[in-house]
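I have placed the structure first, in the form of structure tokens, so that the comments after it can refer back to it.
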Amino acid sequence: MVGLVSQENHLVALVSRTGRALQRYRKGRRQVVGYKAASVDLEAASSSEEDEIEVLVITSKKGKGMLFPKGGWELDESKKEAALRESIEEAGVRGIVEGKLGRWSFKSKSQDTCHEGYMFPLLVQHQFDFWPEHNHRQRTWMSISEAREVICQHWWMKEALERLVNRLTARNNNKPAPTLS
């Protein structure tokens, strides 16, 4: 699938990466990177207005529920670069990637294997009308409380969402953000 993306006044053809030949593995676990896309200024959001923040979820390619965009971290990119690439490929958004929310180990629902996932907040700056996977996925902006309900089948994504909410709450109360263990 090919999408066209504007990069600093240039039009660039973007093709979704496929296959796993270049993907990273650690101790036999495929490493994946994803993000929580927010549609408001993360600096301006207040903890008492949590549901005014919207996050982006997408449909699974296999049509089994909603999830946060994520995909393989490849050998020729950093984790943040992988998160940015996945944001364009799967959801058709681009923005600023902030510091990591955490790392999770989880079992694949479609394969009998374990993955290691990293999640980042992404402040969306641009949403494209067409993107590489627009024929295979739908994207939906929803409140934090709605997202908690639809992603509950993915415990680690729900935990990453709570870490995002905690980070925003700490930031807006002028407290240091909780550290990752």
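Every number here is computed from the coordinates shown, using simple stated rules; none is lab data. Bear in mind the structure is a predicted one, so any value in this text is a computation, not a measurement. No Cβ is skipped: glycine too gets one built from the backbone with ideal geometry, and neighbour counts run over all protein chains shown.
The figures follow:
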| item | result |
| --- | --- |
| Label-point separation, residue 125 to residue 170 (7 Å along Cα→Cβ), nm | 2.5 |
| Entries of 70/158; 27/158; 27/64; 79/158; 64/158; 80/158 with Cα pairs more than 22 Å apart | 27/158; 27/64 |
| Two-site FRET efficiency, residue 149 against residue 111, from Cβ-Cβ distance with R₀ of 30 Å, rounded to 0.05 | 0.70 |
| Shape of the stretch 51-139, Cα gyration tensor, a/c cut at 1.5 | rounded |
| Approximate spin-label separation residue 140-residue 75, in nm, with each point projected 7 Å along Cα-to-Cβ | 3.9 |
